[in-house]
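The values are calculated or read from the model by the stated rules, or taken from the named source; none is laboratory data. Quantities reported herein were computed from a predicted structural model and do not represent experimental measurements. Cβ atoms come from the backbone with ideal geometry, glycine included; neighbour counts cover every protein chain shown.
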Amino acid sequence: MSCQEVIKRKVIYLDEFFVINFIMDFIVLCITKKICKFAATYLQILLSATFGALWSVIALIVPENIKGAVNICTYILISALMIRICAGKCNFKELIRGTAILFGVTFCMAGSIYMIYYYTYAGYWIRMNLLSDTELLMFTALSVVIVGMIIKQIMVRIVYGESECLVKIIFNDKCFDLKGYIDTGNVRKDPYFK
């Protein structure tokens, strides 16, 4: 092995790569869910983020000669499948809209992170202090996400308790199965559009 080959090699830890992609996918899907007003549960978002992170690991380890096909598959098929997993049953128009919003959120978030990381004092502090310990960064981000999910579930249970039920709507010979909440009009918080 020549000296130039050694210099060109990079070491990538697949577990860290998976966790970072999982966290970013989870955040992007949560924002996309809010914008699209999908009635997705955290389980659906977790499954979708896991699927996206697994695919990113697979895409990383495929041979170089098929990277072009993998990139096309990633940006078209995998993104749409992530939205489908997150949104549940949705028509083709909602799927395309959700995928487009997913791309928009991803681009805006990536640009914002890049700008903060390289052009602000906060980014300098993050580079010098926080990112010097990768495990600390991953556990901090994961802890924030998990604590947020737990608080959200506790608040939903406190506000709605046992009032969730299944609703079957039949309209023009089409049947829709949905989740609904029994509400006497006294609850002032909406679980979907806060």
Exercise. Has the range 124-135 got any residue that is modelled with pLDDT under 75, within 29 Å of ILE83 (Cβ to Cβ) and not aromatic (Phe, Trp, Tyr)?
Worked result: no
Exercise. Which of the residues belonging to the range 47-65 are closer than 11 Å to ILE85 by Cβ and touching a Leu at 6+ places or on another chain (Cβ under 9 Å)?
Worked result: SER48, ALA49, PHE51, GLY52
For this session: Could you please tell me which pairs satisfy a Cβ distance under 6 Å, a separation of 6+ or placement on different chains, a first residue in the range 169-194 that is within 19 Å of VAL156 (Cβ to Cβ), and a second residue that is at pLDDT 75 or above?
Result: LEU178/VAL167; GLY180/CYS165; GLY180/VAL167
Exercise. Which residues, counting only those in the range 78-101, are without any contact (Cβ under 8 Å) to a residue 12 or more places away in the chain and more than 17 Å from VAL28 (Cα to Cα)?
Worked result: LYS89, ASN91, PHE92, LYS93
For this session: Please enumerate the residues belonging to the range 53-110 that are under 28 Å from PHE176 (Cβ atoms) and hydroxyl-bearing (Ser, Thr, Tyr).
Result: SER79, THR99
Exercise. So which residues in the range 102-134 are surrounded by 14 or more Cβ atoms within 10 Å (Cβ to Cβ), among the aliphatic types (A, V, I, L, M) and under 20 Å from VAL28 (Cα atoms)?
Worked result: LEU102, VAL105, MET109
For this session: Considering (1) under 14 Å from the mean Cα position of the chain (by Cα); (2) modelled with pLDDT of 90 or more, say which one CYS86 fails and leave the rest.
Result: (2)
For this session: Take the residues in the range 167-194 that are in contact with a strand residue (DSSP E or B) (Cβ under 9 Å, 6 or more places away or on another chain) and at pLDDT 80 or above, then tell me which one is nearest to CYS36 (Cα to Cα).
Result: LEU178
Exercise. What about ALA80, is it small (Gly, Ala, Ser) and under 15 Å from THR106 (Cβ atoms)?
Worked result: yes
